[in-house]
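The values are calculated or read from the model by the stated rules, or taken from the named source; none is laboratory data. These figures come from a predicted structure and were not determined experimentally. Backbone-built Cβ (ideal geometry, glycine too); neighbour counts: all protein chains shown. For accessibility, only protein heavy atoms count, side chains too; no ligands or nucleic acids. Shrake-Rupley method; radii C 1.70, N 1.55, O 1.52, S 1.80 Å.
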Protein chains: 4
Amino acid sequence: MIAAKPFDFPYDGNLEAQKTALIVIDLQEDFLSTTGYFARQGYDPAPLRAILPAVNRLIAACREAGVQIIHTRQGYRGDLADMTPYEKWRRKRSGLEGTTALLRSSPGFQIVPELDVRPEDVIVDKTCNGAFTYTDFEHVLRAQGITHLLFSGCTTDVCVHTTLREACDRNFQCLTISDACASGDQYAHEAALHMVTVENGIFGALTDTAAVLEGLKKLGPSAK
Amino acid sequence: MIAAKPFDFPYDGNLEAQKTALIVIDLQEDFLSTTGYFARQGYDPAPLRAILPAVNRLIAACREAGVQIIHTRQGYRGDLADMTPYEKWRRKRSGLEGTTALLRSSPGFQIVPELDVRPEDVIVDKTCNGAFTYTDFEHVLRAQGITHLLFSGCTTDVCVHTTLREACDRNFQCLTISDACASGDQYAHEAALHMVTVENGIFGALTDTAAVLEGLKKLGPSAK
Amino acid sequence: MIAAKPFDFPYDGNLEAQKTALIVIDLQEDFLSTTGYFARQGYDPAPLRAILPAVNRLIAACREAGVQIIHTRQGYRGDLADMTPYEKWRRKRSGLEGTTALLRSSPGFQIVPELDVRPEDVIVDKTCNGAFTYTDFEHVLRAQGITHLLFSGCTTDVCVHTTLREACDRNFQCLTISDACASGDQYAHEAALHMVTVENGIFGALTDTAAVLEGLKKLGPSAK
Amino acid sequence: MIAAKPFDFPYDGNLEAQKTALIVIDLQEDFLSTTGYFARQGYDPAPLRAILPAVNRLIAACREAGVQIIHTRQGYRGDLADMTPYEKWRRKRSGLEGTTALLRSSPGFQIVPELDVRPEDVIVDKTCNGAFTYTDFEHVLRAQGITHLLFSGCTTDVCVHTTLREACDRNFQCLTISDACASGDQYAHEAALHMVTVENGIFGALTDTAAVLEGLKKLGPSAK
């Protein structure tokens, strides 16, 4: 059980490591580096870099407990087959035309080296903001019997929230970890965290890294 | 063309009535009445009622121009086959156990009579916050060749935003109409509108009712 | 455990009533009556009617064991919002223009009265051949914790097989009941049953009504 | 226009290269080589190899006309994250345990070198039989404005037919090319082709390579 608001997670008290996954959204160079997509859009990536220690602590605790780690990466296919004329227009308008921003074939697509990624982690590549849309994310979760998701990553208001909303609609039990999520827009970040809790937890529960670490410790080490 | 931020809608200037739909999200008794689900959750439905005149003006203008009107309704199946143990627990926790809140079989499921609904409108019933999930909403849009969506309804931060995010990920061109959307939580409402425009319009464009009416007027009456 | 080919069902021997559903596909007037859609297409509905006793025996045994019954119904929305120009053309070509064939608003859409349908059964309406596409079928199955599906209904080669294929791809455990499925095209019916078993059971296992009844009997009556 | 049964393709006579794609299903070593997955399952890959000249002729004609080529490849993720206990059991039962059959990380996953694959082709990797399920196939088709699909590849009764059925349910216009599809089971292959045409073309139209080449020639070379 993990202390959370508006209710502890999971609601029935049955936290099981093998049914739980830590979702780490889009902690890629394109969002965190000072020369990537996000910085080129005019955002300061500093708040995104600031969560890395918390996310790494969560990853370590999840590995110890036997909780699956799943990273997502955002980017267009290398062949650009999934980029629409509208998206090309938006890239041009944002001064990204001719750059490799958000292309899977570019270095900016890689997860930042500061993050503890290992071969036993699952990586899901996506073009959309929502990790469930046009990917095998749900397929992997169902295949592994995963029903409980812990959310971290960036940005809180865009890709984290879209994926969180999709997960809730598919009846996954969801917990958002406030200080393990970040955005370049502090107002949007805080509002996105607030939205989790409206209507008595419409998008599940909200907690922080310390509470997750405390809850995972009680599970004990993985028998695996 | 409809004046909007951060860019006019649609981006290429080609507004076509028969490819456009006005989406009216969940303007049901359960959200707008003083005795429905939303009021029981502790929210004041007054801001939701306040948008009805604007939405009716939009509906009238869309009918005139030949733009399809699509209403959504939120609610569990009459047989409760889609309600999980978690959702039953949440209902109990919110004091909704034994009530008919959000059940398709109840009067609260109906669209409020003040709204101009006609037989030629399409109605999509959904259990999820997102109208694309586990419904025929996308099927209807694609069948009719609709590619451009104008968003109105409630609540801005939950069902409007979830559906908007799903629509963007499926490459529909999206316009959110600020004063034709509402929430019981003013902070969440305003933040949700702001989020549309981050990253230079990550969820499309944002405008108001007057601008939509102006843009539709330029289209002229429907030839249909 | 139910005796089946190329392997008994389910593969691990753990048949649990509350995780299992009997899927009854499209046993509607439009397919089974002598004046419905199917007969107008030139097919003899007699083979479809012939399975009704077997399906009713399965339904009775499933009720006794506590296995959920889920019926599907095929038909276009009453407002025709999901009918494409191509489908209108096909209807005209088949002499169905102006008829109510396959419309949800028509009597032909109803399940035949000979079938034992009860209020506690779930009914899923669909426009597509596959029951998973643009419906809440998967939502209901997941919400109820159903992972094992027993297939019956019509037609074997079209709607049963499309839904079966969708179910296998979503990792449901699937059993097709040969003499509880039927088609107006005997060659297509037999070939569809054969296809279940290619590649050592690519679409799960194949059995008959007697074996299902035998397997359900061993479960004992539902404790519910 | 391409001559086909039970009606010419497309139904309205408007064949447009830029709205059309040639879908080439799973012509991989695992299916076509004498040591791959399919041969290990006891099937003779000779009929699959036999269609390669026809598929290459189609590819050449499509390139000339400006029709997009899309290949699919079947296989589990390299990390096996999408393989269920049931699938592991099925592999063991088929003597595939410990082999690299159908793994994306293995040489058997590659498209056979005899096939004319070029960098401008799109490749979609899938775990399911249906290319639409848990992949970005539909995303790519919609992004490129592709509405008409020409089907080739293997096996006719499993992956071609599952993808064809999904495409029809999503209202793509579909044409199956009989002598550019193959299966290791001749009865299943022929029955699958027959099934396309039941109910006056329930899964679209059926033709052969010569008719497609003739139809594409009339389009003239691509202006691109």
Within the group C:Asp125, C:Asp185, which residue is in contact with a strand residue (DSSP E or B) (Cβ under 9 Å, 6 or more places away or on another chain) and of a type in the set (D, E, K, R)? C:Asp125
Residues of region C:174-224 being of a type in the set (A, V, I, L, M, F, W, C) and not in a helix (DSSP H, G or I), in sequence order, are C:Cys174, C:Leu175, C:Ile177, C:Ala180, C:Cys181, C:Ala182, C:Ile202, C:Phe203, C:Ala205, C:Leu206, C:Ala223
Determine whether D:Arg73 is open to solvent by 20 Å² or more (accessible area, probe 1.4 Å), in a strand (DSSP E or B) and touching a residue at least 12 places away in the same chain (Cβ under 8 Å). yes
Between a first residue in region A:111-133 that is part of a strand (DSSP E or B) and a second residue that is hydroxyl-bearing (Ser, Thr, Tyr) and crowded, with 17+ Cβ neighbours inside 10 Å, which pairs have beta carbons less than 7 Å apart while being 6 or more apart in sequence or on different chains? A:Val124/A:Thr72; A:Val124/A:Thr135; A:Lys126/A:Thr72; A:Lys126/A:Thr135
Members of region A:76-108 found to be within 20 Å of A:Ala39 (Cβ to Cβ) and not in a loop (DSSP other than H, G, I, E, B), listed by number: A:Tyr76, A:Glu87, A:Arg90, A:Arg91, A:Lys92, A:Arg93, A:Leu103, A:Pro107, A:Gly108
Would you mind stating whether D:Thr156 is within 14 Å of chain C (Cβ to nearest Cβ), among the polar types (S, T, N, Q) and touching a Cys at 6+ places or on another chain (Cβ under 6 Å)? yes
Filtering helices (runs of 4 or more DSSP H) wholly in region C:1-58 for at least 3 residues that are more than 14 Å from chain D (Cβ to nearest Cβ) gives C:46-50
Just for region B:8-29: of the residues that are of a type in the set (S, T, N, Q) and more than 18 Å from the chain's Cα centre (by Cα), which one is farthest from B:Lys126 (Cα to Cα)? B:Asn14
For a quick check of your reading of the model, give me the residue pairs whose first member lies in region C:189-200 and is within 8 Å of another protein chain (Cβ to nearest Cβ), whose second is open to solvent by 10 Å² or more (accessible area, probe 1.4 Å) and in a helix (DSSP H, G or I), with beta-carbon atoms closer than 6 Å and at least 6 apart or on different chains. none
Residues in region B:208-224 that are open to solvent by less than 60 Å² (accessible area, probe 1.4 Å) and either within 14 Å of another protein chain (Cβ to nearest Cβ) or over 15 Å from the mean Cα position of the chain (by Cα) (or both): how many? 7
Within region D:117-172, take every residue that is under 12 Å from the mean Cα position of the chain (by Cα) and among the β-branched types (Val, Ile, Thr) and give me the one that is surrounded by the most Cβ atoms within 10 Å (Cβ to Cβ). D:Thr156
Residues in region D:81-139 that are among the aromatic types (Phe, Trp, Tyr) and away from chain C (no Cβ under 14 Å): how many? 1
Given (1) open to solvent by 50 Å² or more (accessible area, probe 1.4 Å); (2) under 26 Å from A:Leu216 (Cα atoms); (3) touching a Gly at 6+ places or on another chain (Cβ under 9 Å), A:Arg49 misses just (3)
Within region A:145-168, track down each residue that is assigned to a strand (DSSP E or B) and touching a helix residue (DSSP H, G or I) at 6+ places or on another chain (Cβ under 6 Å). A:His148, A:Leu149, A:Phe151, A:Ser152, A:Gly153, A:Cys154
Is region A:63-75 home to any residue that is over 23 Å from B:Thr197 (Cα atoms), charged (D, E, K, R) and either modelled with pLDDT under 95 or in contact with a Leu (Cβ under 7 Å, 6 or more places away or on another chain) (or both)? no
Selection from region B:76-96 of residues modelled with pLDDT of 95 or more and of a type in the set (Gly, Ala, Ser) yields B:Ala81
Looking for something of a type outside the set (Ser, Thr, Tyr), buried (at least 17 other Cβ atoms within 10 Å of the Cβ) and within 14 Å of the chain's Cα centre (by Cα) - is there at least one such residue anywhere in region B:87-109? no
Can you tell me which of (1) in contact (Cβ under 8 Å) with a residue 60 or more places away in the chain; (2) assigned to a loop (DSSP other than H, G, I, E, B); (3) of a type in the set (S, T, N, Q) is the one D:Asn171 doesn't meet? (1)
Quick one: would you say D:Gly108 is free of Cβ contacts under 8 Å to residues at least 24 places away in the same chain and not hydroxyl-bearing (Ser, Thr, Tyr)? no
Give the residue that is farthest from the other protein chains (Cβ to nearest Cβ), with candidates limited to residues of region B:173-188 that are open to solvent by 10 Å² or more (accessible area, probe 1.4 Å) and either of a type in the set (Ser, Thr, Tyr) or within 16 Å of the chain's Cα centre (by Cα) (or both). B:Asp179
Tell me, please, whether a residue that is over 25 Å from B:Glu190 (Cβ atoms) and without any contact (Cβ under 8 Å) to a residue 24 or more places away in the chain can be found in region A:143-150. yes
